[in-house]
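The values are calculated or read from the model by the stated rules, or taken from the named source; none is laboratory data. As the structure is a computational prediction, the values presented were derived from the model and not from experiment. Here the Cβ positions follow ideal geometry from the backbone for every residue, glycine too, while neighbour counts run over all protein chains shown.
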Amino acid sequence: MPLNLPTDETFLTTEEVLEYLNVNLRTVYRLIKAGSIPAVRVGRQWRFRKRDIDKWLDGQRHTETKSTGAARSRILLVDDEESIRKLLSRMLESTYDVEVAADGDMALRLLREPDAHYDLLISDLNMPGMDGLTLIREAQRIDAALPAIVITGYSTESSAIEALNLGVAGYLTKPFGTTQVLAAAAKALGVRPA
């Protein structure tokens with residue numbers, strides 16, 4: 001948990017940064033070594049100023065927007081709960097174009113439209129009818145290069161393993177924050193083949 005300092009001087013541990021950015025330890029060490037995120041060594045631990053992490057994230061979003069020109073990445077967001085769809089849409093719309101679907105069938109109809117192009121699929125795991133993993137399998141038949149992120153409030157080891165076997169780019173458990181969602185989306189879009 002962050003230290004009780006003023007908001008602009010909040011420090012995070014390495015574990016908190018891993019969770020905050022939704023990346024692995026190797027990525028954090030690469031970012032430190034490259035000087036992308038400043039870190040202070042305290043004994044055997046690293047400490048990170050939260051505002052430095054946020055500044056780096058903002059820079060990543062800005063770089064991503066510049067590198068793709070005026071075009072914004074398109075995300076297809078699928079969740080049977082309207083409140084979650086609205087929340088995630090608000091989180092993502094500042095950076096991406098977001099289209100929503102209330103279930104797997106609607107998502108597949110959108111994916112199959114002749115002019116459809118999505119850069120990322122974000123799907124709830126547990127939905128009535130078609131579940132998220134089935135949707136991802138079907139979506140991969142339509143576009144094998146489409147990265148996917150699974151969101152769930154009821155994670156099980158077997159569903160996490162199955163998601164990994166499908167090659168999902170991210171696995172977010174509820175509750176999650178805007179920074180986690182944006183970092184997972186940026187990471188998933190960064191690994192998509194050109």
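The table for this structure:
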{"quantity": "Qualifying residue in segment 137-157 (condition: modelled with pLDDT under 85 and assigned to a helix (DSSP H, G or I))", "calculated": "yes"}
{"quantity": "Identity of the residue in segment 95-112, of a type outside the set (A, V, I, L, M) and in a strand (DSSP E or B), that ends up surrounded by the fewest Cβ atoms within 10 Å (Cβ to Cβ)", "calculated": "Asp97"}
{"quantity": "Selection count, segment 17-28, where residues are assigned to a helix (DSSP H, G or I) and in contact with a helix residue (DSSP H, G or I) (Cβ under 9 Å, 6 or more places away or on another chain)", "calculated": "8"}
{"quantity": "Failed item, numbered, when Asp143 is tested on (1) farther than 17 Å from Ala188 by Cβ; (2) among the charged types (D, E, K, R); (3) in contact (Cβ under 8 Å) with a residue 24 or more places away in the chain", "calculated": "(1)"}
{"quantity": "Residue ID - surrounded by the fewest Cβ atoms within 10 Å (Cβ to Cβ), chosen from residues in segment 1-29 that are within 10 Å of Arg49 (Cβ to Cβ) and modelled with pLDDT of 70 or more", "calculated": "Glu9"}
{"quantity": "Tabulated pairs, segment 109-124, first on the phi > 0 side of the Ramachandran plot and aliphatic (A, V, I, L, M), second in a loop (DSSP other than H, G, I, E, B) and surrounded by 11 or more Cβ atoms within 10 Å (Cβ to Cβ), C-beta under 7 angstrom, 6+ apart or interchain", "calculated": "none"}
